[in-house]
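Here's the structure, in structure tokens; my notes come after.
The values are calculated or read from the model by the stated rules, or taken from the named source; none is laboratory data. As the structure is a prediction and not an experimental result, all values here were calculated from the model. Don't worry about glycine lacking a Cβ; one is built from the backbone with ideal geometry, like all the others, and counts go over all protein chains shown. Just so you know, the surface numbers come from the protein's heavy atoms only, side chains and all, with ligands and any DNA or RNA stripped out. Shrake-Rupley method; radii C 1.70, N 1.55, O 1.52, S 1.80 Å.
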Amino acid sequence: SIVPADMGKRGVGTPGVQPPGQQQDTQDTQPVVPQAAPPLQRQPSGLEQQPKRVKKEPPGGRREAQGASAETVQKKRPPAAASPAPAALPAPPSAAAAPSPARAPSSLVEPPQVPSQGTAKRSRRTPVGGGIAWALSDVRSQLDAISDVEGVRELLDRFPGCVVLGGIAARRELLGALLGETPVAAAAAAILIAPGVRQPLALELRCGKQDFGPLQGPDAANWLRGVEQAVQQALGQRLKVDPLRLRMSCLGCANLDVVDLPEKCGSPGNAGAALPKIEEMRMRHLGSSANLLVCVEPGPFLELCRRFDPQLKRTVLVGAAAASVGGEDNALPASVICGGNAAFALEERFAKLCSERVPQWVAGLEKLELRLSKSVVEAREIERRECAEEILTKARSAGVSFGRALAEVFGGTPGCSAGALTLEEELLQFATDAHRGQCGTAKELTGKNAAAGAADLFAQFGGVEAYAKYLGSVVKIPGAEVPLNGGAQWQRVLAEVEVAMRLAHPPEEELANISKMAVRAGGTGVHGHQRWEDVASKLMISIAFEPLLRRVRYVAARVSWVLRHQKVAVSEWMSVLSEGPASRIYSPLFAQHLSVLRSSPIVQDLVFGAYDDAVSTVGEQVLKNLSGTLTAACVNPEIMLRPRTETDLDDPKKLTEAKANSGPSGADKKQKSAEARKRVTAEMQRRSGPSGGVPRALQEKVFCPKEAKVDGTVQIVQRRLQRAFSVLADILANQAFAFADASMAVLCRRQVDEAMSSIEFSSEQRRVLYERHREHLEVARQVEDRLSAVRRCLSALRTNAPASNRM
């Protein structure tokens with residue numbers, strides 16, 4: 001019976017399996033459950049009933065074969081062995097069962113004659129080079145799993161292979177000898193080397209450590225069927241450049257790598273007329289200096305070898321090719337026609353070549369190990385830096401440095417011109433952002449209200465360009481034509497918002513309809529009939545509140561917009577400190593934290609977002625202060641128009657007169673007491689006197705619409721309201737300047753530090769960071785796994801290399 005070869009190192013009759021991570025074209029032959037008749041014809045049942053054992057050849061016979069002379073006896077083959085197909089395999093007439101293929105001669109060959117002295121035939125012995133060959137398979141499997149690493153493909157290309165060139169029959173015979181010269185090996189060779197193969201086959205032949213069972217049986221058929229299924233990928237009509245790699249291991253086969261090209265690629269022909277894919281295959285396999293070229297037939301196949309190896313230094317001549325070229329050092333004896341001796345010599349040549357190249361492979365792997373070791377350190381460092389807690393700490397530290405740099409920039413420190421704008425350019429950009437709704441604050445001031453305030457101011461001049469021209473030519477604001485940023489730009493903004501606040505005036509249509517508005521404001525209230533003083537307060541709210549509120553919103557939006565656009569200037573100033581004399585004056589943390597801001601988009605978003613929040617808080621505070629003053633003045637304009645208290649105690653003239661007229665100590669005390677009483681009385685009379693609002697005659701008078709139209713009281717109230725509007729606009733202009741200037745100090749000294757200290761991730765940002773950190777952690781693990789694979793490769797090569805080549 002026939003039992004399949006051992007495909008791997010796992011045990012008898014089990015196919016070898018490639019390790020995980022192999023490339024797509026790599027596949028092991030797997031045994032399958034038989035679905036049809038086995039491809040081999042079973043032997044007659046009469047032969048199976050008479051088991052017979054064949055004694056294995058003693059080690060002494062192998063030593064004699066090694067010491068035999070160069071003369072050999074021609075190997076005899078029966079005519080039926082010409083066809084390697086499984087159906088044509090003849091059974092030995094005198095043997096009841098075939099011997100073990102590990103040590104016995106091939107069933108296709110008759111027992112050799114007793115050689116005479118000097119013509120002894122080299123007998124098949126235990127394959128050599130098993131250690132380095134298995135190590136090579138292990139290294140190839142490890143490197144295939146990390147083939148995307150730079151330099152790994154070059155290392156894989158350095159591994160040798162035996163590219164067989166010749167006819168189909170000769171290549172089948174050689175492959176059968178390499179597989180062990182058994183019927184199963186011949187049948188497998190017929191399956192692997194077939195006319196319909198359109199893809200290179202890279203066969204890793206390895207010798208197992210356990211013996212086989214019988215040569216015939218369903219296991220052998222299943223194994224061959226698995227080989228046939230594995231080769232199905234290489235069959236078809238279209239040529240495939242990438243090889244199909246199969247690992248086949250059995251006890252008694254040679255330990256080497258064989259590359260079999262498709263029939264068209266291995267066939268001789270005009271190189272210029274060859275198809276591009278065929279030429280690419282030849283250049284890849286025949287042109288590689290790492291491969292051995294095994295020529296089994298002379299003529300055009302030998303010429304093809306000479307094309308890629310002119311001096312035949314890496315060409316091995318076998319059988320008829322060796323007979324045609326006599327005297328070659330690397331050729332086998334001409335009498336050997338692809339038999340066991342050819343397989344043995346080819347295996348020795350392959351093992352010797354691998355042993356010679358082990359130092360080169362180890363050197364390449366050591367370089368790769370060093371590079372991957374550095375990559376592991378870098379990957380772990382990146383994984384540590386991309387941790388959410390580490391990023392949050394960096395963001396807070398960088399934010400504190402950004403706040404300190406902001407104070408320096410607004411303090412007037414020279415050294416940067418980034419973001420510098422003229423007044424007209426600044427107003428044009430502000431108008432554009434306001435129109436897009438980008439000038440609001442977080443809560444109190446919406447983008448729509450800010451846009452309405454800006455549009456109301458620019459409409460008075462017919463556009464933003466006319467307003468900028470008015471500020472430069474009429475008001476003559478300092479530095480209007482000079483590109484400014486930082487503290488100089490801030491001082492120019494303070495002057496501009498003060499002018500904008502003073503330019504507010506009541507709408508003409510509101511003043512024209514003041515009579516109707518007065519009638520609406522009159523009537524009966526909670527405390528009785530409305531007086532003219534109550535009507536005047538309501539008219540003040542109707543006329544003055546909305547225009548002034550729009551201007552107050554413009555001031556808050558303008559302040560917030562300018563502060564937000566200082567980020568570029570602050571970053572530029574921090575970059576100046578990285579080198580030059582300024583680097584010795586200021587802290588080196590400025591340059592370090594700037595590099596963090598520029599290298600990490602997440603840190604930059606967190607810091608700039610916290611800064612924008614602080615600016616919004618300052619802008620909203622300015623808006624609240626001015627709105628409070630506006631509301632109080634509109635509700636009770638009498639208080640706003642009341643005369644100020646004179647601080648005559650600090651008048652130098654009165655102090656001098658008081659010292660000159662001072663008498664004795666007792667009289668002096670009495671005089672001071674009397675003067676204090678007079679001063680308080682005068683102050684009370686002044687505070688309770690006319691306030692400049694509604695005349696005294698109208699304060700207590702009940703409002704009557706008919707009388708108002710007749711006696712012209714409405715006109716009097718209108719003039720007083722216009723005056724009150726002007727006074728209120730001046731008050732708000734002064735406060736706008738003061739509050740805006742104070743907001744800068746609050747921003748630099750408190751708001752920025754509080755905002756940066758309270759930086760936190762949103763739920764979405766934290767989720768993204770955790771996912772990114774998981775990705776970096778996975779990358780670090782992958783790099784470590786690749787480093788471990790390279791180290792395992794080094795260990796395998798150093799362990800199985802010859803003692804002279806171990807490093």
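Once you have the Cα-Cα distance between residue 229 and residue 754, take 0.36 nm times their residue separation minus that, and quote the gain in nm to one decimal.
Separation in residues times 0.36 nm, less the Cα-Cα distance, equals 181.8 nm.
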### Packing-based order for 154-163, 469-478, using average beta carbon neighbours within 10 Å, highest first
154-163, 469-478
### Query
If you put +1 on each Lys and Arg Cβ and -1 on each Asp and Glu Cβ, how big is the dipole of region 161-255 around its Cα centre, in Debye rounded to 20?
340 debye
### Message
Give me the percent of accessible area attributable to carbon and sulfur for region 584-624, probe 1.4 angstrom.
### Response
54 percent
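Carbon and sulfur together cover what percent of the accessible area of region 398-518 at a 1.4 Å probe radius?
Accessible surface attributable to carbon and sulfur in region 398-518 totals 52 percent.
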### Query
Sorting 608, 737 by accessible area (1.4 Å probe), largest first, what list results?
737, 608
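Out of the total accessible area of region 339-386 (probe 1.4 Å, heavy atoms of protein only), what percent is carbon and sulfur?
The C+S portion of the solvent-accessible surface of region 339-386 is 53 percent.
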### Query
What is the list of residues in region 388-430 whose amide nitrogen lies under 13 Å from a point 7 angstrom out from the Cα of residue 587, following Cα to Cβ?
396-408
### Query
Rounded, prolate or oblate: which one fits region 318-473, using the alpha carbon gyration tensor with axes a ≥ b ≥ c (rounded when a/c is under 1.5, else prolate when a/b beats b/c, else oblate)?
prolate
#### Entry: Two-site label geometry, residue 390 and residue 283: point separation in nm, points 7 Å out along Cα→Cβ
4.6 nm
#### Entry: Distance (nanometres) between label positions extended 7 Å along Cα→Cβ at residue 356 and residue 798
2.5 nm
### Query
For residue 373 and residue 772, FRET efficiency with R0 = 25 Å and r from the beta-carbon atoms, rounded to 0.05?
0.55
### Summary
With R₀ set to 56 angstrom, the calculated FRET efficiency between the beta-carbons of residue 157 and residue 764, to the nearest 0.05, is 0.75
### Query
Once Lys and Arg get +1 and Asp and Glu get -1 on their Cβ, which of 298, 315, 278 lies farthest toward the positive end of the dipole of region 275-328?
278
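Rounded, prolate or oblate: which fits region 575-638, taking a ≥ b ≥ c as square roots of the Cα gyration tensor eigenvalues, rounded meaning a/c under 1.5, else prolate when a/b beats b/c?
It comes out oblate by the Cα gyration axes.
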